[in-house]
1. Test residue 231 against the stated conditions and say whether it is outside the structural domain of residue 182 (by TED's automatic domain parsing), surrounded by 17 or more Cβ atoms within 10 Å (Cβ to Cβ) and under 20 Å from the mean Cα position of the chain (by Cα).
2. Looking at 171, 141, 129, 153, can you tell me which residue is in contact (Cβ under 8 Å) with a residue 40 or more places away in the chain, open to solvent by 60 Å² or more (accessible area, probe 1.4 Å) and hydrophobic (A, V, I, L, M, F, W, C)?
3. I'd like to check something: does the stretch 230-249 contain any residue that is on the phi > 0 side of the Ramachandran plot, touching a Phe, Trp or Tyr at 6+ places or on another chain (Cβ under 6 Å) and in contact (Cβ under 8 Å) with a residue 40 or more places away in the chain?
4. With the condition kept exactly as written, say whether any residue in the stretch 140-156 is within 16 Å of the ligand (Cβ to nearest atom) and under 17 Å from the mean Cα position of the chain (by Cα).
5. What is the residue count in the stretch 27-85 for residues that are near the ligand (Cβ under 9 Å from one of its atoms) and under 27 Å from residue 312 (Cα atoms)?
6. Which pairs do you get when a residue that is closer than 20 Å to residue 123 by Cβ, found in the stretch 95-109, comes within reach of a residue that is surrounded by 23 or more Cβ atoms within 10 Å (Cβ to Cβ) and among the acidic types (Asp, Glu), reach meaning Cβ atoms under 9 angstrom, with the pair 6+ apart or on two chains?
7. Considering only residues that are open to solvent by 50 Å² or more (accessible area, probe 1.4 Å) and within 12 Å of the ligand (Cβ to nearest atom), which ones fall in the stretch 281-296?
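The values are calculated or read from the model by the stated rules, or taken from the named source; none is laboratory data. Quick caveat: nothing in here was measured; it's all calculated off a predicted structure. Every residue, glycine among them, receives a Cβ derived from its backbone with ideal geometry; neighbour counts consider all protein chains shown. These area figures cover heavy atoms from the full protein model, side chains too; ligands, DNA and RNA do not enter into them. Shrake-Rupley method; radii C 1.70, N 1.55, O 1.52, S 1.80 Å.
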Amino acid sequence: MTEQSQLKKIKWGIIGLGGIANKFANDLLTIQDAELYAVASRTQEKADEFAEKYGASKAYASYEDLANDPDIDAVYIATPHALHKENALMCLENGIAVLGEKPFAMNAQDVDIMIAKAKEKNVLLMEALWTYFLPHYQYALTALKNKTFGHILKIESDFGFKRPYNTNERLFNKDVGGGSLLDIGIYPIFVSLSTLGMPNHIDANATFFENGTDASCDMTFDYNNLVKAYLKSSLKEILPTEAIFYCEKGTIKINREFHCPSTVTLISDGREETIDFGYDNHIFGYKYETIHFNKLLQEGKKESDIMTFDFSRNLIKLLDDVREIIGLNY
Ligand SMILES: NC(=O)c1ccc[n+]([C@@H]2O[C@H](COP(=O)([O-])OP(=O)(O)OC[C@H]3O[C@@H](n4cnc5c(N)ncnc54)[C@H](OP(=O)(O)O)[C@@H]3O)[C@@H](O)[C@H]2O)c1
């Protein structure tokens, strides 16, 4: 028996069976000490279909039924943003550990409520910001922390694609938290927060669709007037979707698409080296956050040491701050 197979097998549930739930389930199947035990949809037919596709034992036609299953260890919340808080609270209330999709909730106040509930119930809670756990991102973080090329002078990071405006889609539906900032702008903000911390000053401006969701958002994070992070999200334009760190003696570039399994290029003294992390083509990259979460559960931990509560609080606070500047209300 390997060390991994001696560990308690974590019984997972998934709530909300859309696009990301499929990718998460695909990767979950590759993890030895995890089992996709139950799935929940708003309709029985969809739950049955999903359960059959990924081999889940239970298929629930309501999220509440899944949260009431006493055999579930952990739930992955994959519903639209506006439902994250209520779905998380329902699971935490029943003592089920929660891995909740980004953005963790709609605002900082709601994230605080979720964290307070997790603490009250003594249950593990973590935001599923998968990029933090990807080996290439961790590599770039370490290189920056070790000051391989000295201090960061400037960051450029963006995330953009072109999608026809359609309010039937979650991405554009204001009722469930649609718009570019909360959906994809969170990633460039994450890049800045995870490397430079909280900025001293933020400038931002946005363009909007007719229903008031933001189509694009340009942000500048100012760190002591010396270092700036230029960040952007867009649903109406294809952007490089890179994260570039200009440092004193060289540049560290996380290549397209930086938030997914990718490569890192180191540029210094006219030389370039691109590092390939040997990602498995059969997975999307969600297994890294899940393996971390499983380990926390197996060790009885209630908070991640990577995606900490403070980090999630700061991330949602930055989204709140940008929203206030651009006048985006939900
Ligand atoms: N980490 C990542 O890489 C990543 C990527 C994409 C999305 N996400 C996050 O994951 C969440 C879901 O995104 P997605 O792209 O998977 O969305 P999606 O394809 O629209 O799926 C969302 C699912 O939520 C459920 N749902 C419940 N109430 C709904 C409502 N009023 N409108 C629409 N769906 C509703 C539906 O499942 P049932 O019909 O089964 O109930 C739906 O299939 C978002 O918060 C997003 O930010 C993360």
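1. no
2. Numbers: 171 fails: open to solvent by 60 Å² or more (accessible area, probe 1.4 Å); 141 fails: open to solvent by 60 Å² or more (accessible area, probe 1.4 Å); 129 fails: open to solvent by 60 Å² or more (accessible area, probe 1.4 Å).
It is 153.
3. Of the residues in the stretch 230-249, the ones on the phi > 0 side of the Ramachandran plot are 241.
Now narrow it down to the ones that are touching a Phe, Trp or Tyr at 6+ places or on another chain (Cβ under 6 Å): 241.
Right, trim to in contact (Cβ under 8 Å) with a residue 40 or more places away in the chain and you get 241.
Taking every residue of the stretch 230-249 in turn, at least one turns out to be on the phi > 0 side of the Ramachandran plot, touching a Phe, Trp or Tyr at 6+ places or on another chain (Cβ under 6 Å) and in contact (Cβ under 8 Å) with a residue 40 or more places away in the chain.
4. no
5. 12
6. 99/127; 99/289; 100/127; 101/127; 102/127; 104/127
7. Within the stretch 281-296, 284, 288 qualify.
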